[in-house]
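Colleague: Following this message is one structure expressed as structure tokens.
The values are calculated or read from the model by the stated rules, or taken from the named source; none is laboratory data. Source: prediction; values computed, not measured. Heads up, the Cβs are rebuilt from the backbone with ideal geometry, glycines too, and the neighbour counts pull from every protein chain shown.
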Amino acid sequence: MFDIPHLDIPPLTSAGGTVRLPGSKSISNRVLLLAALSVGHTDITDLLDSDDTRVMLEALAQLGCRIEPQADGALRVHGLGGQLPVPQGKLFLGNAGTAMRPLTASLALLAARHGGSFELSGVARMHERPIGDLVDALRQLGCPVDCLLNEGFPPLRLGDRRVHALQLDEAIKVRGDVSSQFLTALLLALPLVAQEQDVVIEVVGELISRPYIEITLNLLERFGVTVQRDGWQRFTIPRSSQYRSPGRIAVEGDASSASYFIALGAIAPATPGTEGITIEGVGLSSIQGDIRFVEAARLMGARITGEANRLHIQRGAWPLKAIDLDCNHIPDAAMTLAVMALYADGTTTLRNIASWRVKETDRIAAMAKEGRKLGAVIEEGEDYIRITPPARVHDWRAASIHTYDDHRVAMCFSLAAFNPARQPVRIEDPKCVAKTFPDYFECLFGVCATPTPDIPVICVDGPTASGKGTLSAEVAAQLGYHLLDSGMLYRLVGLAAERAGLSTAEQDLKEPAQARRLGELAAGLRVRFKGDRTLLDRLDVTDSLRTEAAGMAASRVSAVPEVRQALLALQHGFRRLPGLVADGRDMGTVIFPDAALKVFLTASAEQRAIRRHKQLISKGIAANIDNLLADLKARDLRDSSRIHSPLMPAEGALQLDNSGMDIEQSVQQVLTWWQAKTVFSGN
Ligand code: DC
């Protein structure tokens, strides 16, 4: 996950490969609640791990529900069987509408029936999202519900610790034209109190987002409750209903999340050697309404085929075809059409999307404002959005996209990186995708390609113990870039030589046969990086690599041209999307001479010896400053006087003497230099 202030996406060129989707948010949270309300335990597989599901899990645990991970990866939820072991509590539900609405309904009914009391609250935005229609329906039923700040909005207090008789004889009326989640909430909750009589719900006004109701009905059926439906107006929960665990249930991949990769396949040419994009985890027989995004994407020109649990997408018509579409049936995925519209041959209108205004943010306003930053002409109405792409290539602009803590805004606009003007796109607060798709950007970069020169590189070269390792790691973390610690590769060669019984003594390395053997060893290095650990021939060698002896051996083997040559391809392979920070001695001079920013980091030898001393002592390793200083100087001399790739500042490198700076200041300096190099420096 990219927990950074912003993520710069370089211009992208093509896409191809397979994406496995995370579980559906809508299904995950419904299944969790149903499992918790059921009799018996349920093993749930492929559950989405995201902010919204975590909120639901925490709430259920607080209510006394036992939840245990199983060895096979499933999550076992022990159902409460409609009981209320913990009759009161305060639940914080973040910005998760799929937790707030159904928990409100279920807990209001249970509190009234068993004499409980609960307070439900969320983040500030949650307190602006209407829930009045659901509150009205629950009050009709005889449940005490108080709105604690503003009438019609969370936070709410449900129940007053007294038992209340419920009025179930008359049909319960609920509005269906603001959010289908109110009806879903009642459908999920009412089977808890339908033991003695049929319970009828009547929808007032036209029901929006019907596919989500279908998901609800489908899952109720899996948990033993069959609701009778008359059109979309009247729903009857039969008497003697009781939730029973299906034993085991698998969560489908998220069809709304699929929309970004369907759009990707429609927008991007297939990367040579691939046949476009394959999506696994959701397919044409999905129970999720957003699967109908497939039809909309086809209208715009995408070529899509599929099976039950898989989809294949290739670019068809290009430019895409502008459309005029009622999107009421795919409210969430329709946002993705708004970004596809940027690549269309005319003006696209998306209609009947008033519900966008009450989602994580006002999505009509957000899509219009951010889309305009890219150069599109956008008109917004109360319940529609009309998008005309930038007229000419040079009308596209590099934009810093504000994301309003809305995962879908962030995911949608990442696709603007395919703009023909080859401008990068900045996504602010990229971690907001964690709401439904924590690894979204990793998945995106995993299937996208762009010519190597477009992948940004920052080089940090300098002498030993100048602090470049720490600095580079921190800069990479702040930008969400990959990290190449090239010194580590030379250390690995030194270690591998020692293990293979090859001498790394200076005079031996002068022998051509010995140099050749060492080059072969370097070329066949079997190395893997796993988190912050380094594996050589499957053995964890992280700690041995950090020793002074390993550093000295590295310095000796690194003077051998055959070794340097052998490590070239390995080093170039680190240049992957979205960017790279590379540290070493010759990053700017030899390995990445086209890097956009080259830093030459130095500090006085004395200062470096003191730092190294501190570092060793803190690890409990005995050290002597004078010896360290002598070693440092010997290494500086060898690294900078060798014939091949000697240590020296690259042309155009910015020098940073950090003798008097702490690491924080050095990092800030490099980030400031980098920011000035980006097209976003004026923002
Ligand atoms: O940065 P370090 O201390 O881990 O590097 C160990 C040795 O590897 C260093 O003394 C010289 C060599 N090296 C190199 O020659 N070229 C690089 N790009 C990085 C390291």
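Colleague: Return a yes/no flag: does region 397-417 have any residue that is over 13 Å from the mean Cα position of the chain (by Cα), away from the ligand (no atom under 16 Å from the Cβ), of a type in the set (D, E, K, R) and closer than 22 Å to Leu580 by Cα.
Modeller: no
Colleague: Looking at (1) within 30 Å of the chain's Cα centre (by Cα); (2) away from the ligand (no atom under 13 Å from the Cβ), which one does Lys614 not meet, given that it meets all the others?
Modeller: If we test Lys614 against (1) within 30 Å of the chain's Cα centre (by Cα); (2) away from the ligand (no atom under 13 Å from the Cβ), just (1) comes out false.
Colleague: Of all the residues that make up region 246-293, how many are among the hydrophobic types (A, V, I, L, M, F, W, C) and assigned to a strand (DSSP E or B)?
Modeller: 5
Colleague: May I ask you to verify whether Ala189 is in contact with a helix residue (DSSP H, G or I) (Cβ under 8 Å, 6 or more places away or on another chain), more than 21 Å from Leu107 (Cβ to Cβ) and either crowded, with 16+ Cβ neighbours inside 10 Å or of a type outside the set (Val, Ile, Thr) (or both)?
Modeller: no
Colleague: Using the structure shown, decide if Val581 is touching a residue at least 12 places away in the same chain (Cβ under 8 Å), of a type in the set (Val, Ile, Thr) and buried (at least 20 other Cβ atoms within 10 Å of the Cβ).
Modeller: yes
Colleague: Let me ask something else. Would you confirm whether any residue within region 464-482 is of a type in the set (Lys, Arg) and surrounded by fewer than 23 Cβ atoms within 10 Å (Cβ to Cβ)?
Modeller: Within region 464-482, not a single residue is of a type in the set (Lys, Arg) and surrounded by fewer than 23 Cβ atoms within 10 Å (Cβ to Cβ).
Colleague: Okay, moving on. In the list Asp631, Asp662, which residue meets the criterion of being crowded, with 16+ Cβ neighbours inside 10 Å, of a type in the set (D, E, K, R) and at pLDDT below 95?
Modeller: Going through Asp631, Asp662 in turn, just one is crowded, with 16+ Cβ neighbours inside 10 Å, of a type in the set (D, E, K, R) and at pLDDT below 95: Asp631.
Colleague: Moving to a separate point now. Identify the single condition in (1) of a type in the set (A, V, I, L, M, F, W, C); (2) closer than 22 Å to Leu220 by Cβ; (3) touching a Cys at 6+ places or on another chain (Cβ under 8 Å); (4) assigned to a helix (DSSP H, G or I) that Leu187 does not satisfy, given that it satisfies every other one.
Modeller: (3)
Colleague: Suppose we filter region 304-347 for residues that are of a type in the set (Val, Ile, Thr), touching a residue at least 40 places away in the same chain (Cβ under 8 Å) and crowded, with 18+ Cβ neighbours inside 10 Å; how many remain?
Modeller: Total meeting the criteria: 5.
Colleague: How many residues does region 578-599 hold that are out of contact with any strand residue (DSSP E or B) (no Cβ under 6 Å at 6 or more places or on another chain), under 30 Å from Ser414 (Cα atoms) and aliphatic (A, V, I, L, M)?
Modeller: 2
Colleague: If I filter region 129-156 down to residues being within 14 Å of Met100 (Cβ to Cβ) and among the small types (Gly, Ala, Ser), which single residue comes out as surrounded by the most Cβ atoms within 10 Å (Cβ to Cβ)?
Modeller: This residue is Gly132.
Colleague: Restricting to region 414-431, what's the tally of residues that are of a type outside the set (Gly, Ala, Ser) and part of a helix (DSSP H, G or I)?
Modeller: Within region 414-431, residues that are of a type outside the set (Gly, Ala, Ser) and part of a helix (DSSP H, G or I) number 4.
Colleague: Considering only region 11-129, give the strands (runs of 3 or more DSSP E) lying wholly within it that have at least 3 residues that are farther than 24 Å from Tyr260 by Cβ and touching a His at 6+ places or on another chain (Cβ under 8 Å).
Modeller: The strands (runs of 3 or more DSSP E) meeting that bar are 66-69, 75-78.
Colleague: Looking only at region 47-67, count every residue that is surrounded by 22 or more Cβ atoms within 10 Å (Cβ to Cβ) and either in contact with an Asp or Glu (Cβ under 8 Å, 6 or more places away or on another chain) or without any contact (Cβ under 8 Å) to a residue 12 or more places away in the chain (or both) and tell me the total.
Modeller: So the count comes out to 1.
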